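Enquirer: The structure that follows is given in the form of structure tokens.
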Amino acid sequence: MSVAETAPGGALGEPGPEGGGQTSAARLAAYVQGGGVVVPLLTVVMAFLAGGIVILLTGHNPLSTYKAIFDGTGLNWLLPWTSSADRPAAALNLQQTLIQTVPLILTGLAVAFAFRCGLFNIGGQGQYLMGSYAAVWAGSSFAGMAHVPHVLIAALLAAVAGALWAGIAGLLKATVGANEVISTIMLNYTAIYLGDYLFGLGGPLQGNQPSVPVSNDIAGGAKLHVFWGDPELQGLHIGIFVAIVALVVFWVVLNRSTTGYEVRAVGLNPEAARYGGMSVARNYLLVMAVCGFFAGLAGAMDILGWQFRIATNDIDISQIGFLGIAVALLGRNTAIGTFFSALLFGALLSGTSQRNLDPTIFEPELASNLTTIIQGLVVLFVSADVLVIAILRSGRRLVPVRRRRESET
Amino acid sequence: MDAALELRGITKRFGRIVANDGVDFDLQAGEVHALLGENGAGKSTLMSILYGLYRPDEGEIRVEGEPVTIDSPRRAIDLGIGMVHQHFMLIPVMTVAENIVLADEPRSAGGLLDVDAARSRVKELSDRFGLAVDPDAVIEDTSVGQQQRVEILKALYRDAQILVLDEPTAVLTAQETQDLFRVLRALRDDGKAIVFISHKLGEVLDIADRVTVLRRGKRVDTVATEGATEESLARLMVGRDVLLRVDKAPLQRREPILEVRDLHVRDDRDLPAVQGVDLTVHAGEIVAVAGVDGNGQTELIEAITGLRSVDSGAIVVEGRDRTGAGVRDMATAGISHIAEDRHRRGLVLNFSIAENLALRDYRTRELSRHGWLSPRKMVARARSLIREFDVRGGEPQTPAAALSGGNQQKCVIAREIAANPRVLVAAQPTRGLDVGAIEFVHRRLVTERDAGRGILLMSLESEEVRSLADRILVIYEGRIVGEFPPDATEEELGIAMTGGRRREAA
């Protein structure tokens with residue numbers, strides 16, 4: 001038996017009854033485009049189980065740790081049996097969770113929209129940062145401007161900055177066919193070091209404190225309105241509504257507009273799209289720009305909503321754009337999926353933070369690593385979707401040839 | 001004497017679908033036994049059971065009279081069953097000999113691959129059955145026909161007594177098919193038992209001794225090919241009388257609507273593919289471009305439909321020069337295109353039927369306003385086209401991937417005809433379809449011709465060309481080398497298609 005004979009479906013499409021024998025790219029596309037919630041839920045469960053083993057290895061109790069993380073997320077505020085004594089703390093925690101969810105929804109959309117057009121946008125981080133820089137600049141300039149126009153200008157400039165940044169990768173893809181994975185990764189580094197220069201010591205946008213590499217604070221009028229909680233204690237800003245509107249726009253454009261129809265056609269079968277009279281290159285450029293718009297808006301929401309300034313240290317450790325990839329993958333590139341997976345990751349970020357986690361149960365210094373581990377596991381399990389599907393179909397012989405032969409030898 | 005192979009009452013279900021329903025099949029040493037049936041009739045499932053890829057829910061398999069359980073391909077090979085799949089399973093960068101001995105390599109004293117032993121064994125087998133394969137050739141440099149022979153050798157190398165070939169001729173030219181048949185006859189005369197899976201009636205009559213016909217998972221009958229006709233087999237296969245010959249009204253040729261003048265087009269590697277083609281299609285006629293695959297016909301079609309840029313020359317539609325127009329402009333000018341490959345180009349398989357039917361005109365007022373789609377109108381139109389073109393197995397919201405090949409093709413044809421074109425370019429419109437679907441496509445093309453459209457048919461099947469076309473243009477190395485009437489013989493066409501006779505005076 002040759003190695004090649006283990007792929008009964010052949011290499012060229014035609015998914016067999018078992019869906020085997022496809023390329024990994026085709027499998028990933030099928031996974032992220034297929035409907036259903038079972039596989040993503042199972043993916044999450046498996047990630048938490050594996051994370052539980054990690055907790056066990058550190059000598060802690062996984063159940064009480066997860067309970068503490070859950071309480072740290074503030075999601076217990078939603079449970080009717082939470083006592084009124086616990087409610088104020090839970091409300092504060094939930095506000096933190098939702099503040100984290102806002103940019104994750106937007107960077108998740110930045111990745112999901114690209115996926116729907118057959119592009120892999122790894123550049124969410126760079127686009128998010130470019131948006132943050134623009135928001136900080138616009139927010140700290142125009143000091144006397146009225147509140148509403150100031151916020152609108154800062155947010156719009158941030159989104160456009162993200163769109164232009166991503167548009168570079170889109171333009172390269174559309175004109176010379178440069179692989180967007182490579183170009184967006186490179187643009188991430190460029191954006192990080194650009195920020196280190198802009199806000200670093202002696203940089204053109206460094207603030208008035210001479211020895212601190214941080215920007216000026218944005219003007220009070222450029223800050224987003226806080227509608228839940230105390231603005232002085234990082235209450236929840238209206239960015240959550242911006243993110244939800246973005247989800248709706250994403251769904252409507254994708255499913256109800258001729259542009260969205262083109263994007264989906266190009267994503268599923270570029271050759272058929274061309275045959276239908278569409279310009280594949282134009283769609284690549286447009287889609288990358290829209291992705292950057294979403295990511296840039298995410299940067300604006302963080303700056304105008306609760307950070308108010310940016311330090312080179314923030315730039316170097318920020319992961320929001322990268323987390324967007326996990327959000328989109330787990331959310332299967334759908335609007336509703338992106339919402340829930342952004343909420344999950346937002347909850348994990350805030351639930352394991354030093355501020356929210358009960359230190360007697362799990363040391364907060366270790367806990368944020370736990371988030372990273374679970375995030376990594378989710379990405380791993382999503383990429384290794386075959387594993388999940390194999391478990392789902394264990395009775396139905398997903399990889400009959402290989403498995404049986406191995407058991408024989 | 002016991003049969004080489006006997007299947008009794010084989011039943012296999014996938015969920016609620018019964019792929020095989022109590023199928024009996026027997027195979028004698030020294031015979032070619034064809035397994036005939038439409039797509040989805042259960043041929044491949046039956047053979048997958050035989051090869052240990054699926055286990056039957058019911059039924060019994062006997063090899064040389066002994067009941068056996070085949071639970072893996074390894075077991076099938078041990079029992080002397082060899083399979084040549086439709087998609088070859090060869091490693092392109094390895095040589096023929098290396099591929100053949102893979103996983104069963106002769107080893108020299110040090111445990112290393114004994115290259116010489118491998119090569120000589122391959123050579124010996126190859127010579128014995130007239131396979132003419134060079135053991136040292138690298139797979140990626142060999143032709144499809146040679147690769148298929150390597151697959152056969154792979155089975156023979158493992159001492160296969162029973163050889164299963166799954167639609168082996170689908171990828172071959174007419175000449176290669178004849179070569180394959182010569183090899184199969186040599187194997188048969190040597191006492192091998194051969195299962196030949198196909199839905200091509202002529203080939204089955206040519207090569208097989210007996211035929212078992214499957215329809216919807218059930219065995220309909222097993223008959224000797226002696227005394228059988230294409231019509232009788234088609235009736236068994238489809239379950240009703242099938243018109244294999246197309247009835248056509250006399251030609252009513254009208255004004256010219258598509259004129260191609262001295263067209264030059266390059267292929268993907270930037271080499272000249274179309275080198276000075278002139279052709280004219282009149283309203284009310286079917287003009288066929290016939291030729292062996294890879295002689296520029298694909299590039300010619302792509303240029304005419306706006307998918308490929310033109311080097312020089314002119315494309316004139318209804319008197320207006322459209323040279324260099326893109327896909328959308330060509331479509332507006334009145335050219336529809338049934339694409340050569342419905343999976344790669346003609347359809348977005350993960351789109352619903354309704355979305356696929358909108359692929360060419362989603363921007364028109366009929367389906368959208370100011371950039372917003374009207375799903376309701378898309379579904380309503382899909383519903384009426386599904387009815388008109390008899391697309392079965394799907395609602396407007398069903399993904400195209402869930403349809404059978406024939407129904408997928410009906411979707412493509414429905415969309416292209418619904419655009420009400422002046423010229424319908426049909427590239428291999430029946431590729432991979434079964435007899436019933438072919439009949440539908442042929443009838444529809446003739447209907448459109450009679451309605452006054454001009455039809456440019458590109459086909460690799462000379463039988464299809466002869467039965468449909470009013471004029472046959474033979475293309476060879478990017479040039480039209482001859483024009484023939486539909487009653488030209490297979491030989492005449494074959495000679496021209498292989499460059500045997502150039503048209504005098506250009």
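Enquirer: Over the range A:265-331, what lengths in whole Å, largest first, do the semi-axes of the equivalent ellipsoid take, defined as the square roots of 5 times the eigenvalues of the alpha-carbon gyration tensor? Walk me through the intermediate numbers first.
Expert: On the way: eigenvalues 230, 35, 17 Å².
That gives 34, 13, 9 Å for the three semi-axes.
Enquirer: Binning at 5 angstrom from zero up to the longest distance, how are the C-alpha pair distances of the range B:5-238 distributed in percent?
Expert: P(r) for the range B:5-238, in whole percents per bin: 1, 7, 14, 18, 19, 16, 12, 7, 4, 1, 0, 0, 0.
Enquirer: Applying the Karplus parametrisation 6.51 cos²θ - 1.76 cosθ + 1.60 with θ = phi - 60° to the phi angles of the range A:202-215, what ³J(HN,Hα) value in whole Hz is obtained for each residue in order, glycine and proline being reported as x?
Expert: Ordered by residue, 3J(HN,Hα) equals x, x, x, 10, 5, x, 7, 7, x, 9, 10, x, 9, 6 Hz.
Enquirer: Given R₀ = 41 Å, FRET efficiency for residue A:282-residue B:262 by Cβ-Cβ distance, to 0.05?
Expert: Calculated value: 0.80.
Enquirer: Sum up the charges of everything whose Cβ sits under 13 Å from the Cβ of residue B:431, counting Lys and Arg as +1 and Asp and Glu as -1, but leave residue B:431 out.
Expert: Working: positive: B:200, B:342, B:344, B:345; negative: B:167, B:293, B:340, B:341, B:434, B:461, B:464.
Spelling it out: positives minus negatives among the neighbours equals -3.
Enquirer: Putting +1 on Lys and Arg Cβ atoms and -1 on Asp and Glu Cβ atoms, find which of B:353, B:398, B:371 reaches farthest to the positive end of the dipole of the range B:347-420.
Expert: After comparing all options, I get B:371.
Enquirer: Under a crude label model (7 Å from the Cα following the beta-carbon direction), how far is residue B:113 from residue B:170 in nanometres?
Expert: 2.9
Enquirer: Using Cα pairs under 8 angstrom and six or more residues apart, how large is the relative contact order of the range B:5-238, in percent?
Expert: On the way: 452 pairs, mean separation 68.9, N = 234.
Once normalised by length, the contact order is 29 percent.
Enquirer: Let me ask something else. To one decimal place, what orientation-averaged projected area in nm² is obtained for the convex hull of the Cα set of the protein assembly as shown?
Expert: Values: hull surface 185.2 nm².
Mean orientational projected area (the protein assembly as shown, Cα hull): 46.3 nm².
Enquirer: For chain B, what does the helix formula give at 222 nm: sum of -39500 (n - 2.57) over DSSP H segments with n ≥ 4, over the residue count, nearest 500 deg cm²/dmol? Before the final figure, lay out the partial values.
Expert: Values: 16 runs with 158 residues, N = 506.
Estimated from H runs of four or more residues: -9000 deg cm²/dmol.
Enquirer: Using only atoms on other chains, find how many Cβ atoms lie within 10 Å of each Cβ of peptide B:366-378 and report the average.
Expert: The mean count of partner-chain Cβ atoms within 10 Å per residue comes to 3.
Enquirer: Still on this structure, please answer the following. If you count, for each residue, the other Cβ atoms within 10 Å and average over each peptide, how do A:235-244, B:466-475, A:170-179 line up from highest to lowest? Can you show the working numbers first?
Expert: Details: A:235-244: 20.2, B:466-475: 22.9, A:170-179: 16.9.
Answer by packing, highest mean first, reads B:466-475, A:235-244, A:170-179.
Enquirer: By a straight-distance test (C-alpha under 13 Å), which aspartates and glutamates pair with residue B:123 as possible cross-link partners, with residues fewer than eight away in the same chain excluded?
Expert: Correct list for residue B:123: B:98, B:134, B:136.
Enquirer: A further question follows. Please state, as a whole number in µm²/s, the translational diffusion coefficient that the Stokes-Einstein equation yields for chain B at 37 °C and 0.692 mPa s, with Rh defined as the Kirkwood radius across alpha carbon pairs.
Expert: On the way: Rh = 24.9 Å.
Taking Rh from Cα pairs, D becomes 132 µm²/s.
Enquirer: Can you tell me the mean projection area, over all orientations, of the convex hull of the range A:119-236's alpha carbons? Units nm², please. Mind showing how you got there, number by number?
Expert: Numbers: hull surface 35.8 nm².
Spelled out: convex hull of the Cα atoms, projected over all directions, averaged, 8.9 nm².
Enquirer: Okay, moving on. Under 5 Å between amide hydrogens, which residues at least 5 positions from residue B:310 or on another chain qualify, with H placed 1.01 Å from N in the peptide plane?
Expert: B:324
Enquirer: Under 10 °C and 1.306 mPa s, how fast does the range A:19-408 diffuse according to Stokes-Einstein, given a Kirkwood radius computed over C-alpha pairs? Answer in µm²/s, whole number.
Expert: Working: Rh = 21.9 Å.
Calculated translational D: 72 µm²/s.
Enquirer: Quick one: Karplus J couplings for the range A:286-297, per residue in order, coefficients 6.51, -1.76, 1.60, θ = phi - 60°, nearest Hz, x for Gly and Pro?
Expert: 4, 5, 4, 4, 5, 4, x, 4, 4, 5, x, 5
Enquirer: Output needed: percent of Cα pairs per 5 Å distance bin for the range B:324-363, bins running from 0 to the one holding the longest distance.
Expert: The calculated distribution, bin by bin, is 6, 22, 25, 27, 16, 4, 1.
Enquirer: Take the alpha-carbon centre of the range B:117-195, take the same for the range B:221-255, and report the distance between them in whole Å.
Expert: 32
Enquirer: When only C-alpha pairs under 8 Å and at least 6 residues apart count, what is the relative contact order of chain B, in percent? Display every interim value, and only then the final one.
Expert: Details: 1022 pairs, mean separation 72.4, N = 506.
Worked out over chain B, it gives 14 percent.
Enquirer: Sticking with this structure for a sec: What average number of partner chain Cβ atoms lie no more than 10 Å from the Cβ of the residues making up B:75-81?
Expert: Details: counts 3, 0, 2, 0, 0, 0, 0.
Other-chain Cβ atoms within 10 Å of each residue's Cβ, averaged: 1.
Enquirer: Compute the whole-percent fraction of alpha carbon pairs in the range B:1-64 spaced more than 20 Å apart. Please list the in-between numbers first.
Expert: Working: 482 of 2016 pairs.
For the range B:1-64, the share of Cα pairs beyond 20 Å comes to 24 percent.
Enquirer: So if R0 is 22 Å, what FRET efficiency would residue B:311 and residue B:341 give, r being the distance between their Cβ atoms, rounded to the nearest 0.05? Intermediate results must be reported in sequence, preceding the final value.
Expert: On the way: r = 24 Å, r/R0 = 1.08.
For R0 = 22 Å, the calculated efficiency reads 0.40.
Enquirer: Assign one of three labels to the range A:33-91, namely rounded, prolate or oblate, based on the Cα gyration tensor with a ≥ b ≥ c the square roots of its eigenvalues; rounded applies when a/c is under 1.5, prolate when it is not and a/b is larger than b/c, and oblate otherwise. Mind dumping the intermediate values first?
Expert: Working: a/c = 3.65, a/b = 1.28, b/c = 2.84.
Cα axes put the range A:33-91 in the oblate bin.
Enquirer: Would you please give the residues with an amide H less than 5 Å from that of residue B:34, counting only those at least 5 places away or on a separate chain, with H modeled from the backbone geometry?
Expert: Amide H neighbours of residue B:34: B:196, B:209, B:210, B:211, B:212.
Enquirer: Determine the relative contact order of the range B:347-420: mean sequence separation of Cα pairs under 8 Å and six or more apart, normalised by residue count, in whole percent. Mind dumping the intermediate values first?
Expert: Values: 86 pairs, mean separation 29.2, N = 74.
This gives 40 percent for the range B:347-420.
Enquirer: In whole Å and largest first, what semi-axes does the C-alpha gyration tensor of the range B:234-298 yield when each eigenvalue is scaled by 5 and square-rooted? Don't skip to the end; give the middle numbers.
Expert: Details: eigenvalues 218, 92, 9 Å².
Listed largest to smallest, the semi-axes of the range B:234-298 are 33, 21, 7 Å.
Enquirer: For residue B:341, which sequence-distant residues (separation of 5 or more, or a different chain) have an amide H within less than 5 Å of its own amide H, given hydrogens modelled in the peptide plane?
Expert: Close amide H contacts, sequence-distant or interchain: B:346.
Enquirer: Give the average, rounded to an integer, of partner chain Cβ atoms located within 10 angstrom of each Cβ in B:231-239.
Expert: On the way: counts 0, 0, 0, 0, 0, 0, 0, 0, 0.
That works out to 0 on average.
Enquirer: Ratio of alpha-carbon Rg to the 2.2 N^0.38 Å globular estimate for the range B:347-420, to two decimals, please.
Expert: Values: Rg = 11.2 Å, N = 74, 2.2 N^0.38 = 11.3 Å.
Scaled against compact globular proteins, the figure is 1.00.
Enquirer: Here's something else I'd like to know. Work out, step by step, the length gained on full extension between residue B:490 and residue B:246: first 0.36 nm times the residue separation, then minus their alpha carbon distance; give nm to one decimal. Provide the component values of the computation, followed by the final result.
Expert: Working: separation 244, 0.36 × 244 = 87.84 nm, distance 1.71 nm.
Working it through step by step, the gained length comes to 86.1 nm.
Enquirer: Can you give the local net charge around residue B:145? Use residues other than it whose beta-carbon is closer than 9 angstrom to its beta-carbon, Lys and Arg +1, Asp and Glu -1. The partial results should precede the final answer.
Expert: Values: positive: B:149; negative: B:176, B:179.
Here the charged neighbours net out to -1.
Enquirer: With a point put 7 Å past each Cα toward its Cβ, work out how far residue A:58 is from residue B:186 in nm, to one decimal.
Expert: Those two pseudo-labels are separated by 7.0 nm.
Enquirer: For the residue pair residue B:231 and residue B:138, what label-to-label distance in nm results when each label sits 7 Å from Cα along the Cα-to-beta-carbon direction?
Expert: Output for this residue pair reads 5.4 nm.
Enquirer: R0 = 45 Å: FRET efficiency of residue A:91 with residue A:179, Cβ-based, nearest 0.05? Intermediate values should be presented prior to the final figure.
Expert: On the way: r = 46 Å, r/R0 = 1.02.
Calculated value: 0.45.
Enquirer: When a/c is below 1.5 the answer is rounded, else prolate if a/b is larger than b/c, else oblate, so apply that to the range A:181-302 with a ≥ b ≥ c taken from the square roots of the Cα gyration tensor eigenvalues. Kindly include the intermediate steps, with their values, before the conclusion.
Expert: Details: a/c = 4.24, a/b = 1.63, b/c = 2.61.
It comes out oblate by the Cα gyration axes.
The numbers here are math on the coordinates, done by the rules we state, and not lab data. For clarity, every value in this text was computed on a predicted model and none was experimentally measured. Using ideal geometry, Cβ is built from the backbone for each residue, glycine included, and neighbour counts are taken over all protein chains shown.
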